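K.L.:
My structure is below; once you've seen it, I'll send some questions.
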Amino acid sequence: MDRIKELVEYGYESDYLDFKGKQYSKEKTADLIVDIMAMANSRYDGDKFIIVGVKDRPEGKEIKGINPEEFIDSSNCEHQL
């Protein structure tokens with residue numbers, strides 16, 4: 001958890017870090033797969049992160065969190081490709 005806090009506070013989007021303001025919806029499964037594949041194919045040799053609930057803006061990061069009503073529990077979500 002300390003690593004995530006450090007990335008949110010000091011990190012910037014790169015080959016190993018991406019911020020998403022909202023959780024991926026069922027309709028956006030293809031976007032999730034594209035983002036995961038981009039991370040998997042990056043030349044960075046180490047841990048890679050997609051952090052949801054943080055919007056990266058030119059003036060700084062906006063910590064949005066995940067609205068409990070919009071939370072998608074993967075155990076209740078079936079994706080069809």
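The values are calculated or read from the model by the stated rules, or taken from the named source; none is laboratory data. Just so it is clear, the structure is predicted and the values come from calculations on it, not from any experiment. Neighbour counts are summed over all protein chains in view; Cβ atoms, including those assigned to glycine, are modelled from backbone coordinates with ideal geometry. Calculation scope for accessible area: heavy atoms of the full protein, side chains included, ligands and nucleic acids excluded. Shrake-Rupley method; radii C 1.70, N 1.55, O 1.52, S 1.80 Å.
K.L.:
Got a number for residues in the range 22-32 being of a type outside the set (G, A, S) and touching a residue at least 24 places away in the same chain (Cβ under 8 Å)?
P.N.:
Final tally of qualifying residues: 5.
K.L.:
Right, another one. Under 7 Å between Cβ atoms, which residue pairs at least 6 apart in sequence (or on different chains) link something in the range 1-21 that is within 22 Å of L32 (Cα to Cα) with a partner that is assigned to a loop (DSSP other than H, G, I, E, B) and among the aromatic types (F, W, Y)?
P.N.:
Final answer for the pair search is D15/Y44; Y16/Y44.
K.L.:
Right, next: Going through the range 1-24 one residue at a time, which ones are over 12 Å from the mean Cα position of the chain (by Cα) and open to solvent by 50 Å² or more (accessible area, probe 1.4 Å)?
P.N.:
Of everything in the range 1-24, those that are over 12 Å from the mean Cα position of the chain (by Cα) and open to solvent by 50 Å² or more (accessible area, probe 1.4 Å) turn out to be M1, D2, R3, K5, E6, E9, Y10, Y12, D15.
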